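Asks: After the structure tokens below, expect a handful of questions from me.
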Amino acid sequence: MNLLRKLSSISRSRLLFFLGAMLFLGFLLTSTISYLVSRQSIRSAILQNELPLSSNNIYSEIQHDLFRPILISSLMANDTFVKTWLMQGEKDESAITDYLSHIKKRYGTITAFLVSENTRKYYNATEVLKVVREDNPADEWFFRVRKMTSDYEINVDPDMSNSNAMTIFINYRILGNNGEFLAATGVGLSVSAVKSLMQKYRERYHRDVYFYDLKGNLVLRSPAAPGTASEIPAHAGEKAMQTILEQVGRGDTTAEISVVASNGSLASYRYIPELNWVLVVEQASDGTGAILYKTFGLNFIVCLLVAALLLGIFHQTIIRYQRNLEAKNLQLERAKSARDRLFSIIGHDLRGPVGNLKSSLELLGNDSLDMETFKEIRDDLHRGVDHVLIALSNLMEWGSLQTNPLEAKPESVNLHTAAHDEIQLLALLAKEKHIRIENAIPAEASLWADPRQIKSVMRNLLSNAIKFTRTDGHISLSAKRTASQWTLAVTDDGVGMDSARSHALFHTDADSTLGTRGERGLGLGLQLCMDFVQANGGTISVESMPGKGTTFLVTLPAALGS
């Protein structure tokens with residue numbers, strides 16, 4: 001049995017390990033798929049909604065931030081004083097420089113300028129800076145503006161009047177009454193001022209902002225976020241940038257695309273026609289990595305707990321099922337043992353008494369028997385019948401215990417009366433050995449127990465006492481009240497027994513011992529006594545010494561009022 005349990009434990013451990021591994025892998029796969037799907041869903045939402053919206057907002061803010069200098073340039077280009085001064089031949093140069101100085105101070109621009117078509121002089125807020133020439137690459141912007149059909153352009157160039165600092169110029173055309181080109185005027189914004197605007201975009205939208213010209217060169221970028229590397233991403237080499245530039249080359253001024261960049265960041269590309277630049281709004285990550293990892297971790301922990309719970313339930317179920325199987329096997333073994341013992345009892349212990357009965361009946365069938373012989377045969381028959389009845393009663397009760405659970409049906413039992421009935425039942429067996437049986441149980445002694453089971457206990461104890469008491473011996477039955485219990489004592493002055501025999505009395509495998517006259521027993525009576533006493537909430541014990549007799553003590557609950 002122990003070997004089977006060990007093998008079963010090993011198989012159970014392997015099965016639990018296999019199931020645990022399958023649950024773990026299943027939950028891990030489920031959590032991973034959930035994580036990937038969530039990340040993809042969030043990325044799609046950012047690419048399709050958030051980044052384009054941020055790009056639109058930044059574009060709107062750029063238009064708003066550039067509208068003021070454009071408006072200033074427009075006012076300058078349409079100022080009557082400026083047009084009159086130009087058409088009258090630019091006679092007072094200080095008048096225009098004072099005008100430009102006033103514009104610069106009033107509106108806080110880095111520069112204010114005017115370049116005349118007639119004289120090609122470049123005026124700023126302090127002086128005539130130079131005369132523009134077509135062969136000078138730095139003056140290319142002026143000749144481009146002359147040919148424009150639109151009213152103005154936004155251009156980024158070094159400002160010679162400010163140590164060649166990179167400046168964003170608003171170049172506005174001044175036209176005469178007949179639409180002829182008179183001059184180019186406007187204001188300039190420092191790139192540092194624009195960078196402050198981009199810092200504002202960075203702080204507001206929590207995304208990096210870049211501007212590229214149509215050649216793919218980086219013009220401006222927002223300051224890097226604190227604690228991050230200031231390395232510039234290679235947007236110019238991205239396929240999305242090439243797509244935007246191709247669309248702009250085909251005349252599409254609404255070109256826009258959002259993609260996952262090669263470095264894993266999320267980026268939105270958009271053409272800004274007012275600046276002739278490409279705006280790139282970049283988000284280094286989807287911003288939900290920590291949340292998704294935390295959610296993934298929590299889901300995984302929950303999955304592990306669920307797996308542990310399921311494995312625990314499964315483990316307990318297997319153990320319970322195994323125990324049921326072991327109980328069934330034990331029950332089958334007990335049933336087999338009971339069957340074998342039953343056949344042994346029927347074949348050996350009952351065959352003799354029944355054979356004697358048969359011989360006695362054959363003698364009775366002979367009409368030549370005298371009265372004295374008849375009386376002897378009659379007494380033998382009586383004793384044989386009593387022995388068979390007791391043996392069959394014990395055998396039936398023992399057999400019932402092997403297949404059915406022991407259940408007591410307690411009620412009030414008068415102990416003195418029950419003892420009297422059992423003494424009468426066994427009187428002939430006692431008379432044959434001239435044994436005197438004394439019923440010293442108080443008349444008021446009442447138990448709360450199953451009457452049939454308690455009578456069986458008394459019958460077996462009394463039969464056992466008769467069996468091991470010598471001729472002319474004495475047996476007494478007494479009872480003593482202690483608290484809420486009665487203690488029954490069955491005492492004989494028979495052969496007694498040693499302590500080793502006393503300890504083995506109530507074992508199911510204890511051997512039956514022959515009585516003082518060779519009486520045989522089934523070896524079941526004392527085991528039945530112990531089972532019945534325990535079923536009724538009592539205890540049974542024995543006190544004995546070799547040659548000085550034996551006392552069985554049975555303690556059972558007292559009936560109410562006894």
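The values are calculated or read from the model by the stated rules, or taken from the named source; none is laboratory data. Source: prediction; values computed, not measured. In this analysis, Cβ positions are derived from the backbone assuming ideal geometry, glycine residues included, and neighbour counts consider all displayed protein chains.
Asks: Please state which of the following conditions K215 fails to meet, knowing it meets all the rest: (1) modelled with pLDDT under 70; (2) surrounded by fewer than 15 Cβ atoms within 10 Å (Cβ to Cβ); (3) on the phi < 0 side of the Ramachandran plot; (4) not in a helix (DSSP H, G or I).
Replies: Evaluating K215 over (1) modelled with pLDDT under 70; (2) surrounded by fewer than 15 Cβ atoms within 10 Å (Cβ to Cβ); (3) on the phi < 0 side of the Ramachandran plot; (4) not in a helix (DSSP H, G or I) leaves (1) as the failure.
Asks: What number of residues within the stretch 71-88 satisfy the criterion of being exposed (fewer than 12 other Cβ atoms within 10 Å of the Cβ) and part of a helix (DSSP H, G or I)?
Replies: Within the stretch 71-88, residues that are exposed (fewer than 12 other Cβ atoms within 10 Å of the Cβ) and part of a helix (DSSP H, G or I) number 3.
Asks: From E140, E134, E127, which residue is within 25 Å of T84 (Cβ to Cβ) and at pLDDT 90 or above? Give the steps one after another, and end with the answer.
Replies: Working: E140 fails: within 25 Å of T84 (Cβ to Cβ); E134 fails: within 25 Å of T84 (Cβ to Cβ).
After applying the criteria, what remains is E127.
Asks: I'm told T471 meets every condition in (1) closer than 19 Å to M545 by Cα; (2) of a type outside the set (D, E); (3) surrounded by 16 or more Cβ atoms within 10 Å (Cβ to Cβ) except one. Can you identify the failing condition by its number?
Replies: Single failed check for T471: (3).
Asks: Starting from residues that are outside any loop (DSSP other than H, G, I, E, B), in contact with a strand residue (DSSP E or B) (Cβ under 6 Å, 6 or more places away or on another chain) and not basic (K, R), keep the ones in the stretch 98-110 and report whichever is farthest from E180 (Cα to Cα).
Replies: Out of the qualifying residues, it is I103.
Asks: Can you find, within the stretch 395-430, the residue that is modelled with the highest pLDDT among those that are over 19 Å from L332 (Cα atoms) and of a type in the set (D, E, K, R)?
Replies: Step by step, filter the stretch 395-430, then rank; the result is E411.
Asks: So, in the stretch 245-283, of the ones that are part of a strand (DSSP E or B), of a type in the set (S, T, Y) and out of contact with any Leu (no Cβ under 6 Å at 6 or more places or on another chain), which residue ends up nearest to A234 (Cα to Cα)?
Replies: Only one residue fits best here, namely Y269.
Asks: Moving on to the next point. Kindly check whether there is at least one residue in the stretch 228-241 that is among the charged types (D, E, K, R) and at pLDDT 80 or above.
Replies: Just the residues of the stretch 228-241 that are among the charged types (D, E, K, R), to begin with: 231, 238-239.
Next, only the ones that are at pLDDT 80 or above stay: 238-239.
Scanning the stretch 228-241, I find at least one residue that is among the charged types (D, E, K, R) and at pLDDT 80 or above, so the answer is yes.
Asks: Based on what the data block shows, is G494 in contact with a helix residue (DSSP H, G or I) (Cβ under 8 Å, 6 or more places away or on another chain) and touching a residue at least 40 places away in the same chain (Cβ under 8 Å)?
Replies: In short, yes.
Asks: Oh, and also: Does the stretch 197-204 contain at least one residue that is of a type in the set (A, V, I, L, M), within 29 Å of P158 (Cα to Cα) and at pLDDT 75 or above?
Replies: no
Asks: Tell me, which residue of the stretch 474-501 that is aliphatic (A, V, I, L, M) and within 21 Å of N536 (Cβ to Cβ) is surrounded by the fewest Cβ atoms within 10 Å (Cβ to Cβ)?
Replies: If we take residues in the stretch 474-501 being aliphatic (A, V, I, L, M) and within 21 Å of N536 (Cβ to Cβ), then A483 is surrounded by the fewest Cβ atoms within 10 Å (Cβ to Cβ).
Asks: Among the residues in the stretch 105-116, are any over 30 Å from C303 (Cα atoms), at pLDDT below 90, hydrophobic (A, V, I, L, M, F, W, C) and not assigned by TED's automatic domain parsing to the domain that holds L298?
Replies: Within the stretch 105-116, one or more residues are over 30 Å from C303 (Cα atoms), at pLDDT below 90, hydrophobic (A, V, I, L, M, F, W, C) and not assigned by TED's automatic domain parsing to the domain that holds L298.
Asks: Conditions first: (1) at pLDDT 90 or above; (2) under 60 Å from the mean Cα position of the chain (by Cα); (3) of a type in the set (S, T, N, Q). S44 passes all but one, so which condition is the exception?
Replies: Of everything listed in (1) at pLDDT 90 or above; (2) under 60 Å from the mean Cα position of the chain (by Cα); (3) of a type in the set (S, T, N, Q), S44 misses just condition (1).
Asks: Could you say whether any residue in the stretch 444-454 is part of a helix (DSSP H, G or I) and either farther than 16 Å from L488 by Cα or free of Cβ contacts under 8 Å to residues at least 60 places away in the same chain (or both)?
Replies: Yes.
Asks: Could you please find all residues in the stretch 259-292 being small (G, A, S) and modelled with pLDDT under 80?
Replies: Matches in the stretch 259-292: A261, S262, G264, S265, A284, S285, G287, G289, A290.
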